[in-house]
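The values are calculated or read from the model by the stated rules, or taken from the named source; none is laboratory data. Worth saying up front: this structure is predicted, and the values here are computed from it rather than measured. No Cβ is skipped: glycine too gets one built from the backbone with ideal geometry, and neighbour counts run over all protein chains shown.
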Amino acid sequence: MIKELRLKNWKSFAKATLYIDPLTILIGTNASGKSNTLDALLFLHRLSSGVGIFQAINGDVNVPALRGGIEWVCLKPHKQFTLEVLTDGAHKNQDLHYKLTIQLNGTKAEVFEEELSVLSHSPKKEKKLFNTQQAESTNPGIPTYFSTGTQGRGKRIDLNRSYAILSQTESMNLRKEVQDGAKQVLSQLKQIFVFDPIPSHMRDYTPFSEKLNNDGSNIAGVLAGLEENRRKNVEATLTHYLKALPERDIKHVWSEPVGKFKTDAMLYCQEGWEETATHEIDARGMSDGTLRYLAIVTALLTREPDSLLVIEEVDNGLHPSRARILIDMLRELGKERGIDVIVTTHNPALLDAAGVGMLPFIIVAHRDDKTGISQLIQLEDIEQLPKLIASGSLGRLNTEGRIESALKQENAR
């Protein structure tokens, strides 16, 4: 699993670290840097899938541009940014450390430096699996040295600097330790899923699908395409978690094939009131909050174990009284499926539902008043936090801006 994401000169950040836990809540005012943090995860996911560096930033016909595109991907006035990831290693006392530095030059975005290392904790040491060196300006490739298991610089291969070196290792014949380490980090980055379910996109018929779209538009097709026994289990779990959401009684949630050739699907729900007969509605009649909630549960039920699910404004469309239901669902399903979850929120009800037990896992994105540089600060590291907690709930403190005020005071010292 991914343990840490480190940012250097990325967008509004000079230097920051996001610690990733089974459930991580990212809070902060508008334009504080929350979305910029999540964009770094999306960028790394695209690179791991073989997308070119420039296309991963600026987009093309198949990939939308990151917010701001290439003009705003780097902290001004810098022309380089660095992203680092720390993941679990092959053994208990090991981590894998991946570091990527990108150089921007006009309309070019290329690898300036990239390396992958094994970090051993006992005894404490670092071993490079591969690293790059800058070459003469006439060389179109970037020299990359791969560990051969002996002392020395290693085996040199000149690779394409327009793509991440890590993604290029998939098609190479390398030493087993190098191949395994690269494969493990690639697997973690490929399993990042930045999810923004849009209810209006979920109301139509969709073809059978194997993977959920980033906007949740094909939720019906994903459910209908599951193997029968798994589909029944998933639909039963969806029904279980949806029952507590609306005021009416939810009897069953399911998806079924429609059309002449039965290759499309529609999402259905059977509901009822205490004194009336049950009736069925399809996705076109479901509320925005219900559809978003169903999409989030579906994502947790259909993603691979060891995935990282990232959801912006996770509680959009949900009534504040349902915040605890949402938090409990994220905790339970995340733990059950072995999926880490990162969410952003502005909702005080969600923070109150999380409670003080979540303090170590709440990160505050904050913009320095003088420099405008974003910071990521663990909520429990705020010096005034004990005093603040004694005077109100987390939601109230956030709503009144007292967390932000405490950070401003600490930055002013």
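Among residues of region 83-100 that are farther than 12 Å from Leu116 by Cα and free of Cβ contacts under 8 Å to residues at least 60 places away in the same chain, those with a Cβ under 7 angstrom from a residue that is crowded, with 16+ Cβ neighbours inside 10 Å and aliphatic (A, V, I, L, M), sequence gap 6+ or separate chain, pair up as Gln94/Val118.
Applying the criterion of being surrounded by 13 or more Cβ atoms within 10 Å (Cβ to Cβ) and assigned to a loop (DSSP other than H, G, I, E, B) to the residues of region 128-151, the residue that is modelled with the lowest pLDDT is Ala135. Within region 327-354, if we keep just the residues that are at pLDDT below 95 and among the small types (Gly, Ala, Ser), the residue that is surrounded by the most Cβ atoms within 10 Å (Cβ to Cβ) turns out to be Ala354.
Checking every residue in region 392-408 against the condition of being assigned to a helix (DSSP H, G or I), in contact with a strand residue (DSSP E or B) (Cβ under 9 Å, 6 or more places away or on another chain), crowded, with 16+ Cβ neighbours inside 10 Å and of a type in the set (S, T, N, Q) gives at least one match. Right, Gly181: at positive phi and in contact (Cβ under 8 Å) with a residue 40 or more places away in the chain or not? The answer is no for Gly181.
Go through region 88-127 and report how many residues are among the polar types (S, T, N, Q), part of a strand (DSSP E or B) and under 29 Å from Gly338 (Cα atoms). Selection size over region 88-127: 3.
Contact map, region 139-162: residues that are farther than 21 Å from Asp180 by Cα and hydrophobic (A, V, I, L, M, F, W, C) paired with residues that are at pLDDT 90 or above and in a strand (DSSP E or B), Cβ distance under 7 Å, separation 6+ or inter-chain. Pairs shown: Ile142/Val111; Ile142/Thr132; Ile142/Asp158; Ile142/Leu159.
Inside region 274-319, residues that are under 26 Å from the mean Cα position of the chain (by Cα) and either farther than 30 Å from Leu44 by Cβ or in a helix (DSSP H, G or I) (or both) make up a count of 17. Hey, does region 232-240 have a residue that's farther than 21 Å from Phe193 by Cβ, out of contact with any helix residue (DSSP H, G or I) (no Cβ under 9 Å at 6 or more places or on another chain) and either touching a residue at least 60 places away in the same chain (Cβ under 8 Å) or among the basic types (Lys, Arg) (or both)? Yes - at least one qualifying residue is present in region 232-240.
In the set (1) hydrophobic (A, V, I, L, M, F, W, C); (2) surrounded by fewer than 19 Cβ atoms within 10 Å (Cβ to Cβ); (3) within 30 Å of Gly33 (Cα to Cα), the condition left unmet by Ile219 is number (2). Within the bounds of region 154-177, is there any residue that is touching a strand residue (DSSP E or B) at 6+ places or on another chain (Cβ under 6 Å), surrounded by fewer than 14 Cβ atoms within 10 Å (Cβ to Cβ), in the same structural domain as Glu126 (by TED's automatic domain parsing) and in a strand (DSSP E or B)? Within region 154-177, one or more residues are touching a strand residue (DSSP E or B) at 6+ places or on another chain (Cβ under 6 Å), surrounded by fewer than 14 Cβ atoms within 10 Å (Cβ to Cβ), in the same structural domain as Glu126 (by TED's automatic domain parsing) and in a strand (DSSP E or B).
Of all the listed residues (Leu359, Leu388, Leu376), the sole one being under 21 Å from Thr17 (Cα atoms) and part of a helix (DSSP H, G or I) is Leu359.
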